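Colleague: I am attaching a structure below and will ask some questions about it afterwards.
The values are calculated or read from the model by the stated rules, or taken from the named source; none is laboratory data. No experiment lies behind these values; they were computed from the predicted model shown. We place every Cβ from the backbone using ideal geometry, glycine too, and count neighbours over all the protein chains shown. These area figures cover heavy atoms from the full protein model, side chains too; ligands, DNA and RNA do not enter into them. Shrake-Rupley method; radii C 1.70, N 1.55, O 1.52, S 1.80 Å.
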Amino acid sequence: MRANIDRRRLLAAGAAGAALAALPVRAQQGGQLHEVEIKGFKFRPARLEVRPGDTIRWTNRDRAPHDATATDGSWRTVTLRKGDSAEVTVSAGMSTDYICSIHPYMKASLTIVSG
Ligand SMILES: [Cu+2]
């Protein structure tokens, strides 16, 4: 795994990986892990409901490099090459609209719900 904004270790790779793709799973400290694929120059899903303490993991499936960057620049992932992932942990009040800074027409957003 490449450098991430937040380096929480969630689960070992391997057999758990298949399950991760299907549903959010319980991560450490009670937060949920949400998987977002970047594929075909789109964030999938483009809209995600999350809670403070949850973790979002973006994985790039395209040949082109991508990232996830808050529209206001307050947070961002590293640039992801094909197959790379990066994670961000959700905090209350964080910016929720984001883009790929390399392809700014790629837009997505988070909805942060409390509790
Ligand atoms: Cu991109």
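Colleague: Can you confirm whether Ala86 is among the aliphatic types (A, V, I, L, M) and under 18 Å from His103 (Cβ atoms)?
Modeller: So Ala86 passes the test.
Colleague: Do you know which residues across region 27-51 are in a strand (DSSP E or B), open to solvent by less than 30 Å² (accessible area, probe 1.4 Å) and within 14 Å of Val90 (Cβ to Cβ)?
Modeller: Result: Leu33, His34, Val36, Leu48, Val50.
Colleague: Counting only residues that are within 12 Å of the ligand (Cβ to nearest atom) and either in a loop (DSSP other than H, G, I, E, B) or in contact (Cβ under 8 Å) with a residue 40 or more places away in the chain (or both), how many does region 52-66 have?
Modeller: Looking only at that region, the number is 6.
Colleague: Another question, then. Please list, ordered by first then second residue, the pairs with beta carbon atoms under 7 Å, 6 or more apart or interchain, first in region 67-78 and open to solvent by less than 30 Å² (accessible area, probe 1.4 Å) and of a type in the set (A, V, I, L, M), second within 15 Å of the ligand (Cβ to nearest atom) and not in a strand (DSSP E or B).
Modeller: Pairs that qualify, where the first residue is open to solvent by less than 30 Å² (accessible area, probe 1.4 Å) and of a type in the set (A, V, I, L, M) and the partner is within 15 Å of the ligand (Cβ to nearest atom) and not in a strand (DSSP E or B), are Ala68/Thr77; Ala68/Cys100.
Colleague: Now for a separate question. Select from region 80-104 the residues that are free of Cβ contacts under 8 Å to residues at least 60 places away in the same chain, in a loop (DSSP other than H, G, I, E, B) and more than 9 Å from the ligand (Cβ to nearest atom) and list them in ascending order.
Modeller: Result: Arg81, Lys82, Gly83, Val90, Ser91, Ala92, Gly93, Met94, Ser95, Thr96.
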